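What follows is a single structure, written as structure tokens, with notes after it.
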Amino acid sequence: MKQHWYLLNWNYETVKNGRGKQVRKLVYRGEYYRIRIQERHFLILKIAYGMLFVLLMVAYGLLSLCETQGSMLFLTGAPCMLAVIPLMYLGIGICCFLIAPRKMTSRDVHTSVYFMKIASKWAIALFGLSMTGELVFVIFRTLSGLEVKVSAEWLRLAYAALCLSDCCVILYLIRQFPAEALPNQL
């Protein structure tokens, strides 16, 4: 039976506990990863990710509450609603990164860095599609002379742009500070 990639990094070892009794203990034997910055900057990066995620959630909440004519269209409303899925994964990744130690196991890297990278790419695509649909709606409604609340539409567009730029900053930070394998730690 084939083992999961993550389980291959763990081995059982027989060790003596404090009472002299032999017990089996799981020991991590895989590669360790680290973001190659100083400890102080690592904490600053954690704080930055946390603040960016809080800002993203506030902007997404305001975007969801902004009821406009354009948000009722499939091209603008559906991507915003579907953006909940990558935002959940982005939240999982950021929360895992916030509690991850400086010397990360392969699971820490997978559940934090890779989740953030993939989820931010999907969120960028969905918010970009929503912004494009909103712009097309505003331009065509304005050119056709139909009544449109332009200020509300631009406010919704600004919230979507804030969400998009926030996800871009998160993706930029992930690419600037990649997690690299440490030299042989076994």
Take the residues in region 50-78 that are of a type in the set (S, T, N, Q) and outside any loop (DSSP other than H, G, I, E, B); name whichever of them is nearest to Tyr89 (Cα to Cα).
Ser64
Out of the residues in region 143-185 meeting the condition of being in contact with a helix residue (DSSP H, G or I) (Cβ under 6 Å, 6 or more places away or on another chain) and of a type in the set (Gly, Ala, Ser), tell me which one is farthest from Pro79 (Cα to Cα).
Ala179
Return the only residue of Leu135, Leu164, Leu129, Leu157 being within 30 Å of Ala100 (Cβ to Cβ) and assigned to a helix (DSSP H, G or I).
Leu164
Take the residues in region 15-37 that are at pLDDT below 85 and in a strand (DSSP E or B); name whichever of them is farthest from Ile174 (Cα to Cα).
Lys16
Please work out which residue is farthest from Ala78 (Cα to Cα), limiting yourself to region 91-126 and to residues that are out of contact with any strand residue (DSSP E or B) (no Cβ under 8 Å at 6 or more places or on another chain) and not in a helix (DSSP H, G or I).
Pro101
What residue, among those in region 130-186 that are among the polar types (S, T, N, Q) and without any contact (Cβ under 8 Å) to a residue 12 or more places away in the chain, is nearest to Ala83 (Cα to Cα)?
Ser165
Taking into account only those residues within region 167-186 that are among the aliphatic types (A, V, I, L, M) and either in a helix (DSSP H, G or I) or under 30 Å from the mean Cα position of the chain (by Cα) (or both), which is farthest from Val54 (Cα to Cα)?
Leu182
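Residues are listed down the side, and each one gets a yes or a no for (1) modelled with pLDDT of 95 or more; (2) in contact with an Asp or Glu (Cβ under 8 Å, 6 or more places away or on another chain):
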{"residue": "Met51", "(1), (2)": "yes, no"}
{"residue": "Gly61", "(1), (2)": "no, no"}
{"residue": "Phe74", "(1), (2)": "no, no"}
{"residue": "Arg102", "(1), (2)": "no, yes"}
{"residue": "Ser106", "(1), (2)": "no, yes"}
{"residue": "Thr111", "(1), (2)": "no, no"}
Mind listing just one residue for me: the one in region 63-107 that is under 16 Å from Phe177 (Cα atoms) and surrounded by fewer than 19 Cβ atoms within 10 Å (Cβ to Cβ) and, of those, nearest to the chain's Cα centre (by Cα)?
Leu98
One residue from Tyr60, Tyr12 being out of contact with any helix residue (DSSP H, G or I) (no Cβ under 7 Å at 6 or more places or on another chain) and either at positive phi or among the aromatic types (Phe, Trp, Tyr) (or both)
Tyr12
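Mind telling me which of the residues Leu73, Leu55, Leu63, Leu82 ends up being touching a Gly at 6+ places or on another chain (Cβ under 7 Å) and under 30 Å from Glu153 (Cα atoms)?
That would be Leu73, the only listed residue that is touching a Gly at 6+ places or on another chain (Cβ under 7 Å) and under 30 Å from Glu153 (Cα atoms).
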Would a scan of region 16-31 turn up a residue that is farther than 30 Å from Ala160 by Cβ, in contact (Cβ under 8 Å) with a residue 60 or more places away in the chain and small (Gly, Ala, Ser)?
yes
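The values are calculated or read from the model by the stated rules, or taken from the named source; none is laboratory data. Model, not experiment: these values are computed from the prediction. With ideal geometry, Cβ positions are generated from the backbone for all residues, glycine too; neighbour counts draw on all protein chains shown.
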